[in-house]
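What follows is calculated from the coordinates using simple rules that are stated; it is not laboratory data. If you're wondering where the values come from, they're calculated on a predicted model, not measured in any experiment. Every residue, glycine as well, gets a Cβ built from its backbone with ideal geometry; the counts of neighbours run over all protein chains shown.
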Amino acid sequence: MSDTILTKERITFKDIEQIGFNLACEITNKILETLLEGYDKQAMESRDKGKYRHKGYETTTVKAKTGLVKYTRAKYLVKQEDGTNKCVYLTDEELEIKKIGQFSGGIIDLIVKNIKEVSYRVTAENINNCTGLDISAVGTWNVVQDVAEKIKKHEQEKVEAYEEDKLVAGTKEVPVVFQEADEILIYSQGETRKENERKYKKAHPDEEVPKRVRNIEIKMGMTYEGWEEISKGRYALVEKEYVSGSMTGQEMADITNANLHSKYNMSKVEVRVLNSDGGSWIKRLLAVGAIHQADSFHIKDKINRHVRDAEDATVLKNMFWKKEYKEMIEYVDSLKYKYDGEYEEVKKLEELKTYLLKRQDSIKRYNDTPEMKIKLKTFSKQTGLKYRNMGCQESNNYCRLTRRMKRRRMSWSKSGSENLAKVITTYESSSCEDIIEHLNIQILPESFREYAEKYINQIEENIEKMKSQKDKIPSIYEFKQGSLVGHPNIKNILSLTPVTELTYR
């Protein structure tokens, strides 16, 4: 450290901070190395010697927050059923060191937290600047793909177990479950775009390829229990669970139903509401006995885009909030005459009328009826939650996916976009910890946790001993305030030597 400081013309606190951080990383890496090698020795002594033949040692690394942790572990040969020998490392297998590119769980968490907001390149830079690790943009991309594939496999297994009636039912009891769903369109790139264009041209040889064909559709659905008032006039959704990906409506419905079954006792759910824009794929999510409600955002957006005058649009939206649904259609008809039968305006108004007529059964709010209001009031007293007007999907789309995937005209491959969406929404779900544990992302076995606890406790005891053995600070003697007048000898001394250089022997 002193050599580093002396070789520089100027030294800043940032320099000292970095030196201290590097030293701390080296110490931590040594602790982790000792832990791993000690545990490997313990595993070697307790192994089945008839099954595992010792064949020497090999060195490997783990990519941790503090940098590359090198450690040496024993190698064994195991005879398989077909008579061939397989090389295994007990410590690597028990601690799942080889999973997800040998990255520690801490680094995986850092990658996911960064990738939700910034690119793979910036994510790598952030991790390199804030940890002792040196990772590339490709390295961060590989981690996201590996985690996403694990999530997909987990979802598939869960759906299969649910369909075969083997999925363990949840025990949590709630009276109401809310569902919402929508999709976002992002720009496709490379082979994905070319493939989409080829398919469209084959099906429509005489038409120009529309812009939407060059896009990728990412669907996102979510479930929640209600609203919690976090401060006056501010509310937050409770127990949000997300499902996303480039999938069909039926696939999303299967995953959603499996998730709900594994979390809740669905026989106790009395009210289930689906809020959506009415897309055909979303109707696959509508369970038996559930209430379907047209999304208010899309209704207002349709009015704004199809009614010429802002004042007329405001009248229609006010009718919607006043629950004057039949009057809305009548008012749209009257606007045709108000706009003097102009072809383009009438065409837009006809489209709006058709849109409203198709949703005349779902345009009513789920809590419109007096009976439902009484029921929700009772539920609110039981749960402490609020049951408000739905319509949170657009906001969640933007905060989770749109903001990340549509900035600066980004373009994506189909698999790359789906994998990123899977990772982001899974880590934003309330059951994230349970999912991560199920994916076995370096959940340590009990034997290693006990060994590590003893080792760390010993380090802490040694630190405490060092603190207690530290030399006592010598007593500080204070000078009493006085005057030098009348003391010529002291005046003479001070004239020769400054007071700051006086010493006592």
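For the residue pairs Lys116/Lys150; Lys55/Lys153; Lys172/Lys219, alpha carbon separations beyond 30 Å are given by Lys55/Lys153. Evaluate the charge dipole of the range 198-255 about its Cα centre and quote only its size in Debye, nearest 20, assuming +1 on the Cβ of each Lys and Arg and -1 on the Cβ of each Asp and Glu. Dipole of the range 198-255, to the nearest 20 debye: 520 debye. Take every Cα pair under 8 Å whose residues are at least 6 apart in sequence, average their separation, divide by the length of the range 296-358, and the relative contact order is 34 percent.
Summing charges over neighbours of Lys201, with a neighbour being any other residue whose Cβ is under 10 Å away from its Cβ, gives -1 when K and R count +1 and D and E count -1. For the range 1-94, the list of GluC sites (Glu not before Pro) that fall in a loop by DSSP and count at most 11 other C-beta atoms within 10 angstrom reads Glu9, Glu81. The value given for the chain is a Kirkwood hydrodynamic radius of 29.2 Å, derived from the mean inverse Cα-Cα separation.
Taking amide H as placed 1.01 Å from N in the peptide plane, the amide H of Ile291 sits under 5 Å from that of Arg272, Val273, Leu274, each at least 5 places away or on another chain. Once amide H atoms are placed 1.01 Å from N in the peptide plane, what residues at a sequence separation of 5 or more from Gly245, or on another chain, have their amide H within under 5 Å of its amide H? Excluding prolines and chain starts, which carry no amide H, the hits are Lys219. Summing Cβ point charges (Lys, Arg +1; Asp, Glu -1) relative to the Cα centre of the range 296-358 gives a dipole of roughly 360 debye.
With the highest mean first, a sort of the peptides 390-399, 238-247 on other beta-carbon atoms found within 10 angstrom per residue produces 238-247, 390-399.
List the residues of the range 142-178 whose backbone N lies under 14 Å from a point placed 7 Å from the Cα of Arg407 along the Cα-to-Cβ direction. Under cut-off, by backbone N: nothing.
Amide H to amide H, with H built 1.01 Å from N, Leu133 comes under 5 Å of Gly67, counting only residues 5 or more places away or on other chains.
Once you have the Kirkwood Rh of the range 165-278 from its Cα pairs, apply Stokes-Einstein at 37 °C and 0.692 mPa s and quote D in µm²/s. For the chosen part, D equals 194 µm²/s.
In order along the range 207-220, the phi-based Karplus estimate (6.51 cos²θ - 1.76 cosθ + 1.60, θ = phi - 60°) of 3J(HN,Hα) comes to 10, 7, 5, x, 4, 4, 5, 7, 9, 10, 9, 10, 8, 9 Hz; Gly and Pro are listed as x. Of the trypsin sites (Lys or Arg not before Pro) in the range 33-82, the ones in a loop by DSSP (not H, G, I, E or B) with at most 15 other beta carbons within 10 Å are Arg47, Lys49, Lys51.
Can you find, among Ala290, Leu32, Leu274, the residue farthest towards the positive end of the dipole of the chain? Put +1 on the C-beta of Lys and Arg, -1 on that of Asp and Glu. Selected residue: Leu32. Of the peptides 120-127, 251-258, 209-216, the ranking by mean beta-carbon count within 10 Å, highest at the top, reads 251-258, 120-127, 209-216. Cβ-Cβ distance of Arg10 and Thr34, R₀ of 41 Å, FRET efficiency by 1/(1 + (r/R0)^6): the value works out to about 0.65. With 30 Å as the limit on Cα-Cα distance, the pairs of Lys202/Lys358; Lys113/Lys263; Lys317/Lys414 that go past it are Lys202/Lys358; Lys317/Lys414.
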